[in-house]
Amino acid sequence: MNGPIVWYPGHMAKARRQLQASLSEVDAVIEILDARLPLSSRNPDFASLFGAKPCLTLLNKSALADEKREQSFIHKLEREGRRVLAVDCKAYRNIARVTPALRELVEEKLARDAAKGLTRPLRVMVVGITNVGKSTFINTYTKTKKAKAEDRPGVTREQRWIASPYGVELLDTPGLLWHKFDDPAVGIKLACTGAIRDEILDLYSLSHELLGMLAQSYPALLEARYGIQIASGDSIGDIFEAIARRRGFLRAGGEIDEERTAAVLLDEFRGGRIGRITLD
């Protein structure tokens, strides 16, 4: 990639202010991370934003992530004092465990309310960076379609309360990135998963970055998906061209269609069709 990736549209500054203003209204926070990027999809600003609020961390899209590496990341986050669940909305994995986990986090408050004869829904803010599946999680958990969910970043622009059948109200919030990625690799990984708008990216270069990570960590998945053989001396360009030719992505004269090949690589990674992969 030519230079670091930077994407911080104006509405995110407003979203940050709204998050801070709404904290006094909530009992707890659900932070959603991308299970394929359990470290890179953490907004470093959230630690100071949420302070002492009880927080449940969800590794979403876990059906797309490397199963063997998932547990090691869960243990790492738990050692930091987090309560962590790996969930997947499409597979409905561990969604039923969210309510008990929330109630465990705020059990002292629930006990105080019960002693006073108070009964009211738990109010929980759902936060995360762009395109980690916050709105999809909310729709799955609440059994509604009230949160606007699309497979592209920056769809949710305003906060909205949505009730669930479990005595929990969820506050849907806009995805919030941070101003600058100190490690350029973080921006590249986020772009590969679709957390940054494709329109501002050089997708050809991004596909080569992705292919480099996959060739290093998951060569067998690439070989199986695209019917190629990766030799020790192959460059990323060699592998890219082999995939293009194997798929028949050629222009007149036999030149490879770089744009189409890049788009397919990114799309198939994001959709889990290459395999279960963790980039962190």
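Based on C-alpha pairs under 8 angstrom that are at least 6 apart in sequence, the chain has a relative contact order of 22 percent.
Rounded to whole numbers, the Karplus 3J(HN,Hα) couplings from phi for segment 14-25 are 5, 4, 4, 5, 5, 4, 4, 5, 8, 4, 5, 8 Hz, using 6.51 cos²θ - 1.76 cosθ + 1.60 with θ = phi - 60°, and x at Gly and Pro. Using just its DSSP H runs of length 4 or more, each adding -39500 (n - 2.57), the chain gives a mean residue ellipticity at 222 nm of -12000 deg cm²/dmol after division by all residues. Counting heavy atoms of the protein chains alone, Asp202 has an accessible area of about 70 Å² for a 1.4 Å probe.
By the rule of a C-alpha distance below 12 Å, with chain neighbours fewer than 8 residues away ignored, the aspartates and glutamates paired with Lys14 are Glu158.
Please label the shape of segment 186-280 as rounded, prolate or oblate, based on the square roots a ≥ b ≥ c of the eigenvalues of the alpha-carbon gyration tensor (a/c under 1.5 means rounded; beyond that, a/b larger than b/c means prolate, else oblate).
Numbers: a/c = 1.74, a/b = 1.18, b/c = 1.48.
Judged from the Cα gyration tensor, segment 186-280 comes out oblate (a/c at least 1.5, b/c at or above a/b).
Comparing Ala215, Ala96, Ala63 in a Gaussian network model of the chain where C-alpha atoms under 10 Å apart are linked, the largest mean-square fluctuation is found at Ala96.
For Leu49, what charge total do you get from the other residues with a beta carbon under 15 Å from its beta carbon, if Lys and Arg give +1 and Asp and Glu give -1? Walk me through the intermediate numbers first.
Working: positive: Lys14, Arg16, Arg17, Arg42, Lys53; negative: Glu25, Glu31, Asp45.
Residues close to Leu49 contribute a combined charge of +2.
Taking a ≥ b ≥ c as the square roots of the eigenvalues of the Cα gyration tensor of segment 31-107, is the shape rounded (a/c under 1.5), prolate (a/b larger than b/c) or oblate? It comes out oblate by the Cα gyration axes. When both segment 232-279 and segment 82-129 are represented by their alpha-carbon centers, they are found 42 Å apart.
Report for the chain the percent antiparallel among DSSP-assigned beta bridges with both residues inside it, nearest 5. Write out the running numbers ahead of the final one.
Details: 6 of 25 bridges.
The answer is about 25 percent antiparallel.
GNM on the chain, alpha-carbon springs under 10 angstrom: the most fluctuating residue among Gly233, Gly81, Gly175 is Gly233.
When the surface is traced with a 1.4 Å probe over the full set of protein chains, Ser232 keeps roughly 130 Å² accessible.
Qualifying trypsin sites (Lys or Arg not before Pro) in segment 14-79, where qualification requires a DSSP coil assignment and no more than 15 other C-beta atoms within 10 Å, are lacking entirely. Which of rounded, prolate, oblate describes the chain, given a ≥ b ≥ c as roots of the alpha-carbon gyration tensor eigenvalues and a/c under 1.5 marking rounded, otherwise prolate only if a/b is larger than b/c? Here the chain falls in the prolate category. Highest GNM mean-square fluctuation among Arg120, Arg103, Arg225, for the chain modelled with Cα contacts below 10 Å: Arg120.
The values are calculated or read from the model by the stated rules, or taken from the named source; none is laboratory data. Bear in mind that the values here come from a model prediction, so they are computed numbers and not experimental data. When we count neighbours, we look across all protein chains shown, and the Cβ atoms used for this are built from the backbone with ideal geometry, even at glycine. Ligands, DNA and RNA are excluded from the accessible area calculation, which covers all protein heavy atoms including side chains. Shrake-Rupley method; radii C 1.70, N 1.55, O 1.52, S 1.80 Å.
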